[in-house]
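The values are calculated or read from the model by the stated rules, or taken from the named source; none is laboratory data. Bear in mind the structure is a predicted one, so any value in this text is a computation, not a measurement. For neighbour counting, all protein chains shown are included, and Cβ atoms are generated from backbone atoms with ideal geometry for every residue, glycine included. Protein only, heavy atoms only, side chains kept; ligands, DNA and RNA dropped before computing areas. Shrake-Rupley method; radii C 1.70, N 1.55, O 1.52, S 1.80 Å.
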Amino acid sequence: MLTFNLLTALLAPGVLSAALHPRQEADLDGFIKSESTLALKSILSNIGADGSAVSGAGAGIVIASPSKSDPDYFYTWTRDAALTLKVLIDDFLAGETSLESTIQDYITAQAKLQAVSNPSGDLSDGAGLAEPKYQADATAFTGDWGRPQRDGPALRATAMITYGNSLISKKKEDVVKSNIWPSVQNDLNYVAQYWNQTGFDLWEEVEGSSFFTIAAQHRALVEGSAFAKSLGESCEGCDSQAPQILCFLQSFWNGKSVVSNVADNGRSGLDANSVLASLQLFDPKAACDDVTFQPCSSRALSNHKEYVDSFRSIYNVNKGKEAGAAAAVGRYAEDTYMGGNPWYLTTLAAAEQLYDALYQWKQQKSLSITETSLAFFKDLDSSAAVGDYASDSETYTSLTAAVKKYADGFVSVVQEYAPKGGNLAEQFTRDDGTPASAKDLTWSYAAFLTAAERRDGTVPPTWGASDSKVPDECEGSSAKGTYAEPGAVSW
């Protein structure tokens, strides 16, 4: 958690007014402190039924944005909601105990949503679990959309498992088995059965195989297997399919970067998808493992450079920002949605990956530069060379300081282009940085909190990345699942 209690800070005299005017803070630390307070408040405002910005939303329903036109984001996306709740659950584990009722409302709502028939299907064969979004009142959205989107069940399982593990540690297995396991079991069975089928990516544009989706699916099955065992249950599909998913994940690597979508879409493949996947796979107890694309791994660092560099010459707001200087980044260089702008959440993700890497190097007391990651490091220090550097060396000290400065630079970009009130939209324009698209995007605020917390050295629980091994033989398999409507949830 941050070094101050956010909910207490919200109520402290004078703090809220400071939060609403972050640009009055001259230094980055001050901006991060005040913006974090605003971010948590804004997330809670976007969650029904008590959220002040989303009147009409059901209890525990996470609305993407209060915006109802140009664009209309007044819906709940399974993916966005799960990512947001994972942030709140991690904060709860770090001491924000007043968040527990919101977490429980979310779990109750998801148990009901799993049983809602929708254009993707229903629960009888699990197909309906991949429906990307629902109405604010938890009814089906029946309009045309990019469906199915197969990352939602995996991300939702990860969020619920994290909270479930905290209850298990308090000897509340019965509560977990009745309120959480039925929903998680459906999602895990879905992932094991459908991971090898194509779907739409997290940006809802490309139909194919998405690096982000595959990464989320691998993680969900690894932690799902351990979660099942802790409850005296089993997840055979988790055990049989997780290694195969990890094997497929390797195929997205092209030697310098991640090709984020296996699809014929005419793009370079450089996409925020890959950086967000590295954040999803981050395990604070893992080494700098290329196989799971840990944030400090050579692959992830090389990909970070290639991804960020792809935006340097196409955005006017990046004018003069050469390699090694933090820049505004968006989804992918070829983007045209709403003008194809930088996004707050992607720029924050670029910072967060580096904060994660710094944490991992600190834990292992060393930093390694390989031929794969050399270009990344040389941008920050022209004298960087391949080698292993212990934490007591001058090279380690200077390189980690340079990475920290680089990471902070991305947050400074957000500070520069956040409006006076600190409210984060989805995007800021490529020409002059004016906020654009949906206002008060829940995911933007969630991204700010995680970046700030990683900078502070606060990390989520391990998910077992160190046990992930690519099998000797890989195959495009699946495990047929069974599904059942979760029973009534009572806390």
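Output the number of the condition that Asp440 fails; it satisfies all remaining conditions of (1) in a helix (DSSP H, G or I); (2) buried (at least 20 other Cβ atoms within 10 Å of the Cβ).
Unmet for Asp440, out of (1) in a helix (DSSP H, G or I); (2) buried (at least 20 other Cβ atoms within 10 Å of the Cβ): (1).
Being in a strand (DSSP E or B) and open to solvent by less than 30 Å² (accessible area, probe 1.4 Å) is the filter; apply it to the range 230-274 and report the residue that is nearest to Trp203 (Cα to Cα).
My answer is Asn261.
For the range 330-350, which residues satisfy the criterion of being of a type outside the set (Phe, Trp, Tyr) and assigned to a helix (DSSP H, G or I)?
Met338, Gly339, Leu345, Thr346, Thr347, Leu348, Ala349, Ala350 - these are the residues of the range 330-350 that are of a type outside the set (Phe, Trp, Tyr) and assigned to a helix (DSSP H, G or I).
Checking the structure you have, find out if any residue of the range 470-491 is more than 27 Å from the chain's Cα centre (by Cα), loosely packed, with under 14 Cβ neighbours inside 10 Å and either aromatic (Phe, Trp, Tyr) or not in a loop (DSSP other than H, G, I, E, B) (or both).
yes
Contact list please: Cβ distance under 7 Å, first residue in the range 25-49 and over 19 Å from Tyr106 (Cα atoms) and small (Gly, Ala, Ser), second residue in a loop (DSSP other than H, G, I, E, B) and open to solvent by 50 Å² or more (accessible area, probe 1.4 Å), pairs at least six apart or on different chains.
Ser34/Glu25
Looking only at the range 304-319, which residues are in a helix (DSSP H, G or I) and of a type in the set (Val, Ile, Thr)?
Val308, Val317
Residues to consider are Leu93, Leu40, Leu88, Leu44; find the one that is open to solvent by 20 Å² or more (accessible area, probe 1.4 Å) and either touching a Pro at 6+ places or on another chain (Cβ under 6 Å) or closer than 13 Å to Tyr445 by Cα (or both).
Leu44
Quick one: would you say Phe227 is open to solvent by 40 Å² or more (accessible area, probe 1.4 Å) and in a helix (DSSP H, G or I)?
no
So, in the range 294-336, exactly how many residues are of a type outside the set (D, E, K, R), surrounded by fewer than 20 Cβ atoms within 10 Å (Cβ to Cβ) and free of Cβ contacts under 8 Å to residues at least 12 places away in the same chain?
So the count comes out to 3.
Just to be sure, is Lys285 open to solvent by 10 Å² or more (accessible area, probe 1.4 Å), part of a loop (DSSP other than H, G, I, E, B), closer than 26 Å to Glu453 by Cα and modelled with pLDDT of 95 or more?
yes
Only one of (1) modelled with pLDDT under 95; (2) of a type outside the set (Phe, Trp, Tyr); (3) under 18 Å from Glu475 (Cα atoms) fails for Leu221. Which number is that?
Only one criterion in (1) modelled with pLDDT under 95; (2) of a type outside the set (Phe, Trp, Tyr); (3) under 18 Å from Glu475 (Cα atoms) is unmet by Leu221, namely (1).
I'm checking my understanding of the structure. Among residues of the range 371-398 that are β-branched (Val, Ile, Thr) and in contact with a helix residue (DSSP H, G or I) (Cβ under 7 Å, 6 or more places away or on another chain), which one is nearest to Lys321 (Cα to Cα)?
Per the stated criteria, the residue is Thr372.
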